[in-house]
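A.B. asks: Can you keep this structure in mind? I'll have questions shortly.
The numbers here are math on the coordinates, done by the rules we state, and not lab data. Computed from a predicted model, the values in this text were never measured in an experiment. All Cβ positions, even for glycine, are placed from backbone atoms using ideal geometry, and neighbour counts span all protein chains on display.
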Amino acid sequence: MGANVLKPCGGSKKRVVHGRFKIVLIVLGSLFVGAVLVLILCCILLKSRDRKKNTEEAVSNMFEGSSSKLNEIIEATENFDDKYIIGTGGHGTVYKATLRSGDVYAIKKLVISAHKGSYKSMVRELKTLGKIKHRSLIKLKEFWFRRDNGFILYDFMEKGSLHDVLHVIQPAPTLDWCVRYDIALGTAHGLAYLHDDCRPAIIHRDIKPCNILLDKDMVPHISDFGIAKLMDQPSTASQTTGIVGTIGYMAPGMVETKHIHNCFFFLTSMYTLIKNLGF
């Protein structure tokens, strides 16, 4: 009877081996699942990075032309050397670029690294600005985005800005009253078009002689319209006041109420411009 109740010693050893085997399987299975999850996560991250890269490349190609022109402009300006600067402002620096074909352009270089909006919204705004055509408005021809910078291409205005003609060029060119009148009238037509004929209306917010460019025939072309909205930040001239625009050229109503009133803004801007022209 006693011999029959004794159990063989090998049984407990088998259970121990079987338990260890199960533990090894669990560990290996956990490692395998972990490795698969890490692999999936890496694939998602790589795919997301490629998608972002492709999006940026697609955005950078949303302009009327090819990147070869931008490369030629970079070459013509020696990678935007200071000696090619023809203007500076609160939203960027303007360079003169003479291409191999002989075509001359002005290109505005914008710093967009601090811009709070998306590339998509900026592209949409620039496409809208590119569709605006008026004799008294500067024509946006092409644009690019590269890393932290935006580049906007315009036709070069031979006579420079109204500010240059009135205060910088020496000896000062002679402006008879007919020319002065035409500059004031042309600028008024351009502002009226922005305020009344564009949908949605575009408020310039910084009309001054520096932003009125003159072509070879002394026809005025308003520049920088829509840029303040595009950059979504106040100009340098107003950063310390919290008011958008340049003091002395903006509507007094904006200083008092910080709100834009189209008609009042239009009249006061034109009044200041006419005073500059000597009327």
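A.B. asks: Could you list Val27, Val94 in order of exposure, starting from the residue whose Cβ has the fewest other Cβ atoms within 10 Å?
C.D. replies: Val27, Val94
A.B. asks: Continuing with the same structure: Quick one: of Lys47/Lys69; Lys120/Lys208; Lys120/Lys159; Lys133/Lys159; Lys109/Lys141; Lys96/Lys120, which pairs are farther than 25 Å apart, Cα to Cα?
C.D. replies: Checking Cα-Cα distances, Lys47/Lys69; Lys120/Lys208; Lys120/Lys159; Lys96/Lys120 exceed 25 Å.
A.B. asks: Report the gain in length on full extension from Leu185 to Val168: 0.36 nm times residue separation, minus Cα-Cα distance, nm rounded to one decimal.
C.D. replies: 3.9 nm
A.B. asks: Quickly work out the Val104-to-Lys131 label distance, labels modelled 7 Å from Cα along the C-beta direction, and quote it in nm with one decimal.
C.D. replies: 3.3
A.B. asks: Let me ask you something else. Once R0 is set to 35 Å, what does the formula 1/(1 + (r/R0)^6) return for the Cβ-Cβ distance between Lys216 and Asp81, expressed as a FRET efficiency to the nearest 0.05?
C.D. replies: It comes out at approximately 0.85.
A.B. asks: Write out the GluC sites (Glu not before Pro) in the stretch 89-168 meeting two conditions: DSSP loop, and at most 13 other Cβ atoms within 10 Å of their Cβ. Working shown, then result.
C.D. replies: Working: sites: Glu125, Glu142, Glu158; in loops: Glu158.
Those that pass, being in a loop and sparsely packed, are Glu158.
A.B. asks: Now a separate question. Once you have a ≥ b ≥ c as the square roots of the Cα gyration tensor eigenvalues for the stretch 67-155, tell me rounded if a/c is under 1.5, and otherwise prolate or oblate according to whether a/b is larger than b/c. It would help to have the intermediate numbers written out before the result.
C.D. replies: Values: a/c = 1.61, a/b = 1.22, b/c = 1.32.
Verdict is oblate for the stretch 67-155.
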